[in-house]
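The values are calculated or read from the model by the stated rules, or taken from the named source; none is laboratory data. In this text the structure is predicted, and so the values were computed from the model without any measurement. Cβ placement follows ideal geometry from the backbone for every residue including glycine, while neighbour counts extend to all protein chains displayed. The protein model used for the area step is the full one, side chains on, heavy atoms only, and it has no ligands, DNA or RNA in it. Shrake-Rupley method; radii C 1.70, N 1.55, O 1.52, S 1.80 Å.
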Amino acid sequence: MPAQLTPTNHDRDSAGMTYVYPVVSRRAGGVSVGVNLNPNNACNWACVYCQVPDLTRGTAPDIDLAQLESELRAMLTDIVHGDFMRTRVPDGVRRLNDIALSGNGEPTSARAFPQIIELIGRVMAGFDLVGKIKLVLITNGSLADRPRVQDGLRKMAALDGEVWFKFDSATASGMRSINQTRITPEKQFERLAAAAQLCPTWLQTCVFALDGAPPSDAEQAAYLAAVARLRKQKIPVQGVLLYGLARPSMQPQASRLTALPSEWLEAFAETIRQAGLPVKVSP
Ligand code: SF4
């Protein structure tokens, strides 16, 4: 019998598929079907906490849409009609929670992104899952100003989709040191605003100590100013998903990173709430 999946056992190869993998999500308290559009481990960013092994700079390869569709159908057949839940999932979390575009790189870099959302919607409809489970896009948001990505976000909204938009820092130096990108915070803010107008969007923020130091007062102030600006400009973000270091980084900087105490996360969450946004904390 295959091993049961646990919150620490969500190997993307566990289903033997190229694009689709099952995860028991501690955050969601159920099973998430992951869709990995970056089997080449390529991302246009290189976040220091990234859990992708052998991460390289680049974009998603051409996606074999027929294979993706058949893998997704096979996985959902096993979960919805088969014995997947009984044989692979521990008691208490035997619930299909979502389909998540969350892979080993940036999913919106797939050229066929809007067609892929359409395909997922078609498969979800075939299992009568539209509106019953979430469709989540986990993205660094760096391509959210591209027309084809915006087309995909509109299609996601029609499927009750949700975007988790990476927003670790609101300073140029923070984005350089954490995400290793030279994108300016202003540009990223514009992309966030664009995504939020098209599809319900959460900020996804990871906090940790780098070389023993938590985010500086200036970093925290810049982040809170960005939250206040979102409120002031009535940009309809849903809130903040605030994460600690749940799993070890697979990047060369791993040894420089340490988790912050949960009290630190809670205190920061409180200041974000005071700035006007709901926060969900996952230490
Ligand atoms: S954006 Fe995501 S996949 Fe890309 S480097 Fe950062 S954490 Fe890794």
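Looking across region 132-143 at every residue that is open to solvent by 20 Å² or more (accessible area, probe 1.4 Å) and touching a strand residue (DSSP E or B) at 6+ places or on another chain (Cβ under 6 Å), the one that is farthest from the ligand (Cβ to nearest atom) is identified as Lys134.
Being among the hydroxyl-bearing types (Ser, Thr, Tyr) and part of a strand (DSSP E or B) is the filter here; which residues of region 171-206 pass it?
At the first step, the residues of region 171-206 found to be among the hydroxyl-bearing types (Ser, Thr, Tyr) are 171, 173, 177, 181, 184, 201, 205.
If the condition is that a residue be among the hydroxyl-bearing types (Ser, Thr, Tyr) and part of a strand (DSSP E or B), then Thr201, Thr205 are the ones that fit.
If I filter region 109-131 down to residues being more than 21 Å from Thr181 (Cβ to Cβ) and in a loop (DSSP other than H, G, I, E, B), which single residue comes out as most open to solvent (accessible area, probe 1.4 Å)?
Asp128
Among the residues making up region 208-225, a single one is open to solvent by less than 10 Å² (accessible area, probe 1.4 Å) and either touching a helix residue (DSSP H, G or I) at 6+ places or on another chain (Cβ under 7 Å) or closer than 19 Å to Gly239 by Cβ (or both): Tyr223.
Would you tally the residues in region 35-78 being more than 16 Å from the ligand (Cβ to nearest atom) and assigned to a loop (DSSP other than H, G, I, E, B)? Lay out the reasoning, then the answer.
Initially, region 35-78 is screened for residues more than 16 Å from the ligand (Cβ to nearest atom), giving 62-78.
Next cut, assigned to a loop (DSSP other than H, G, I, E, B) only: 62-64.
Result for region 35-78: 3.
For Lys187, the criteria (1) open to solvent by less than 20 Å² (accessible area, probe 1.4 Å); (2) more than 19 Å from the chain's Cα centre (by Cα); (3) closer than 24 Å to Val149 by Cα hold in every case but one, which is (1).
Looking across region 55-65, the residues that are out of contact with any Leu (no Cβ under 8 Å at 6 or more places or on another chain) and either in contact (Cβ under 8 Å) with a residue 60 or more places away in the chain or more than 30 Å from Thr258 (Cβ to Cβ) (or both) come down to Leu55, Thr59, Pro61, Asp62, Asp64. So, in region 144-170, of the ones that are assigned to a loop (DSSP other than H, G, I, E, B) and open to solvent by 30 Å² or more (accessible area, probe 1.4 Å), which residue ends up farthest from Asp217 (Cα to Cα)? Per the criteria, the residue is Asp160. Of all residues in region 79-108, exactly one satisfies the criterion of being among the hydroxyl-bearing types (Ser, Thr, Tyr) and not in a helix (DSSP H, G or I), namely Ser102.
Of the listed requirements (1) closer than 21 Å to Ile178 by Cα; (2) exposed (fewer than 15 other Cβ atoms within 10 Å of the Cβ), Gly276 misses just one: (1).
Go over the candidates Gly105, Gly92 one by one and state the one that is of a type in the set (Gly, Ala, Ser), within 16 Å of the ligand (Cβ to nearest atom) and at positive phi. Walk me through it before giving the result.
Details: Gly92 fails: within 16 Å of the ligand (Cβ to nearest atom).
Gly105 is the lone residue from the list that is of a type in the set (Gly, Ala, Ser), within 16 Å of the ligand (Cβ to nearest atom) and at positive phi.
Going by what's in this entry, would Thr205 be described as within 16 Å of the ligand (Cβ to nearest atom) and either touching a helix residue (DSSP H, G or I) at 6+ places or on another chain (Cβ under 7 Å) or open to solvent by less than 10 Å² (accessible area, probe 1.4 Å) (or both)? For Thr205, the condition - within 16 Å of the ligand (Cβ to nearest atom) and either touching a helix residue (DSSP H, G or I) at 6+ places or on another chain (Cβ under 7 Å) or open to solvent by less than 10 Å² (accessible area, probe 1.4 Å) (or both) - is met.
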